[in-house]
Amino acid sequence: MAQIEPTAPRPFFDPRGVSRNILERRSWFLVFIALDIFVLYGIFTSPILIEAWNFVVVGIGVTLQITIFSFLFSIIIGLIVALGRISKNIIIYNVTTLYVELFRGLPLLVIILIFAFVVTPALIDVIAGTDVLPGIPFLDNLIQQMVGINPAVIETTSLRARDIDPVIRIVFAFAVTYGAFMSEVFRAGIESIGRGQMEASRSLGMTYFEAMRHVILPQAIRNVLPALANNFILLLKDTSLASVVAVPEISHLTRQYASNRFRYPEGLLILSFIYANLTILMSLGVIYLESRLQQDKHDE
Amino acid sequence: MSELIRTLPPSDKPIIHIKDATKSFGAVKALRNVSLDVHAGEVVVIIGPSGSGKSTLLRCINRLETVNSGEIWVEDVQVNSKNCDINRVREEVGMVFQQFNLFPNLSVMGNLMLAQTVVRKRNRAESEHIARRLLDKVGIPEKADVFPTKLSGGQQQRVAIARALAMNPKIMLFDEPTSALDPEMIKEVLDVMLDLAKEGMTMVVVTHEMGFARAAANKIVFMDHGEKIVETTPADLFDNPQHERLKQFLGKIL
């Protein structure tokens, strides 16, 4: 989870000086595609690997769901916290700074375990009404719907962690952790905009938040788009940590498959193949995004 | 509405009233007991060596800086009091900066329309109409859909002036509007400012352009080390300087 600085107005590294020859610039991708085809051919000519593939591939949906929902939540958290981190209000500043330092400091794995073994049981207590708090039927029903519990489960048996939607069970652990990192990205982006922009906006009678919304943030977010996209890739890879609490994403399914059949090499080959393809697809997206931004800068 | 106000004869009550303004940045005293009155329709030019506090004084008028003590009134509002609604004051006080500060994420039209729609709550058609009229006025109607970074410095500053005028301000503040410009672009900006002055806009201008000061100012203020040293007419100041520090300053720049 590296911090990436927003692009400076006049970068030291000017991509215009780099070769435009597609072969020179994109050979790594051609090599990757060749490797990809080779592995794909290997998978679909081996019955064992096909079996492993079929077992693992159903988890891609969960992996992507966790990634996308966590990303969206972490962006919202990140934006709000970034505004707090540049606030002159000392309470807001200190609260948000504590949050960032704390969640940046705790390993993601630890946070996932805390959510799985502390937060989720507490949630179950609240929903099932075994909590010391009195039950509020309306609120309980709402939470039950939100976390995807079948009402029949509550009426017939006692509620367990696996009755809660696995994606929801884990998304907030990712969202609060990545929110801390995102907030630093946004803060760097906002601070990269000269103070003259805020002064000009305010001198026209805009409030602080109007200036933020219409002038500062559009420029800041544009500057940090590559960093955000980079965090998206990191997040995608980190979803593999959810496997430790039995969320059925691809890493968890691979571990299940590999330990059942004792076929670790086969399982890990399939898993690496899937991750590499997902992340490189996104890297291409980032490259496209950066070239578009570069073009925009020249157009303006 | 604003046209009406401008045609009113200058009243005795100043539109900007600064009394004993004091401001320090750490140990540096930027303003020392500065008092200044500006009446509606007046053009006041502030000159002085760099670091003399003239920009600070200007920025205190719309509270981009806050004074440590003293009073600043714009019309009937005490700007430096905590419970004044500063955004309502700023709507009526346009400001032009040395570094232009156009919004690079918006086209020229976008720059001119943003505050009109967000702050003045005008609809798109109306604010577009006003924006086009002002672009005509500053002489670059053909640049409406261009982005600011594609414009020359002089053009950017004229857009910045138009952006401030789009709010129909009663007062315009200019903070060294030509200091960041190449020499050949200074005139195009000064011409726009001269036109504004002729129309009777109330202006407070911090500048090193003595030609402009002579041609447009009703009143000229010389500041040094945060103090207002001289406040007089341009003719008196340039042709008959009395104060020693003013003489030194004029000797260096003229």
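Brief remarks on what is shown
- Inter-chain neighbour count for B:75-87: the average number of beta-carbon atoms from partner chains within 10 Å of each residue's beta-carbon is 1.
- Structure-based [θ]222 nm, chain B - -39500 (n - 2.57) summed over DSSP H runs of at least 4, per residue, nearest 500: -11000 deg cm²/dmol
- Whole-Å semi-axes of region A:173-239's equivalent ellipsoid (Cα gyration tensor): 29, 11, 8
- Efficiency of FRET from Cβ geometry, A:LEU30 and A:ARG292, R₀ 25 Å, rounded to 0.05: 0.65
- Antiparallel DSSP beta bridges within the protein assembly as shown, as percent of all bridges there, nearest 5: 55 percent
- Mean Cβ neighbour count within 10 Å, used as a protection proxy, ranking B:136-148, B:35-47 highest first: B:35-47, B:136-148
- Note on the protein assembly as shown: Cα-Cα pairs beyond 37 Å make up 50% of the total pair count.
- Across the cross-link table entries B:LYS54/B:LYS252; B:LYS54/B:LYS219; B:LYS19/B:LYS54; B:LYS54/B:LYS137, which are compared at the Cα atoms, the separations over 24 Å belong to B:LYS54/B:LYS137.
- Counting Cα-Cα pairs of chain B in 10 Å increments starting at 0 gives whole-percent bin shares of 7, 31, 36, 21, 5, 0.
- Taking a straight Cα-Cα cut-off under 20 Å and skipping sequence neighbours fewer than 8 places away in the same chain, the lysines within cross-link reach of B:LYS143 are A:LYS297, B:LYS187.
- Highest mean packing comes first when the peptides B:176-182, A:182-188 are listed by Cβ atoms within 10 Å, giving A:182-188, B:176-182.
- The residues A:LEU106, A:LEU271, sorted by heavy-atom accessible surface at 1.4 Å with ligands and nucleic acids left out, run A:LEU106, A:LEU271 from largest to smallest.
- Accessible-area value, B:MET185, 1.4 Å probe, nucleic acids and ligands omitted, Å²: 40 Å²
- Exposure rank, largest accessible area first [B:SER50, A:SER259; 1.4 Å]: B:SER50, A:SER259
- Phi angles of region A:82-89 translate, via the Karplus equation with coefficients 6.51, -1.76, 1.60 and θ = phi - 60°, into HN-Hα couplings of 4, 5, x, 5, 9, 6, 7, 5 Hz per residue; Gly and Pro are given as x.
- Only protein heavy atoms count here; under a 1.4 Å probe, A:LEU83 has an accessible surface of about 40 Å².
- Test item: A:209-222 mean partner chain Cβ contacts at 10 Å: 3
- Chain B: relative contact order in percent, alpha carbon pairs under 8 Å with at least 6 residues between: 26 percent
- Between B:ASP182 and B:ASP136, the distance separating the two model label sites (each 7 Å from Cα on the Cα→Cβ line) works out to 3.0 nm.
- Column: log10 I(q)/I(0), Debye, Cα scatterers of region B:96-232, q = 0.18 Å⁻¹: -1.00
- Projection of the Cα convex hull of region A:165-300, averaged over all directions and equal to a quarter of that hull's surface, yields 10.7 nm².
- Exercise: per-residue mean of other protein chain Cβ atoms within 10 Å, B:94-102: 4
- ³J(HN,Hα), Karplus 6.51/-1.76/1.60, whole Hz, each residue of region B:45-58, x for Gly, Pro: 10, 10, 10, x, x, 5, x, 8, x, 5, 5, 4, 4, 4
- Solvent exposure, largest accessible area first (probe 1.4 Å, DNA, RNA and ligands not counted), of A:TRP28, B:TRP73: A:TRP28, B:TRP73
- Between region A:43-67 and region B:149-170, the alpha-carbon center distance in angstrom: 59 Å
- Cα gyration tensor, region A:16-95 - rounded (a/c under 1.5), prolate or oblate: oblate
- Protection proxy ranking of A:37-46, B:218-227 - average other beta-carbon atoms within 10 Å, highest first: B:218-227, A:37-46
- 3J(HN,Hα) from dihedral phi, region B:242-249, Karplus parametrisation 6.51/-1.76/1.60, rounded to Hz, x for glycine, proline: 9, 6, 4, 5, 5, 4, 4, 4
- Residue-level accessible surface for B:VAL230, protein heavy atoms, 1.4 Å, Å²: 30 Å²
The values are calculated or read from the model by the stated rules, or taken from the named source; none is laboratory data. What you see is a predicted model, and the numbers here were worked out from it, not measured in a lab. Don't worry about glycine lacking a Cβ; one is built from the backbone with ideal geometry, like all the others, and counts go over all protein chains shown. Only protein heavy atoms, including side chains, enter the accessible area calculation; ligands, DNA and RNA are left aside. Shrake-Rupley method; radii C 1.70, N 1.55, O 1.52, S 1.80 Å.
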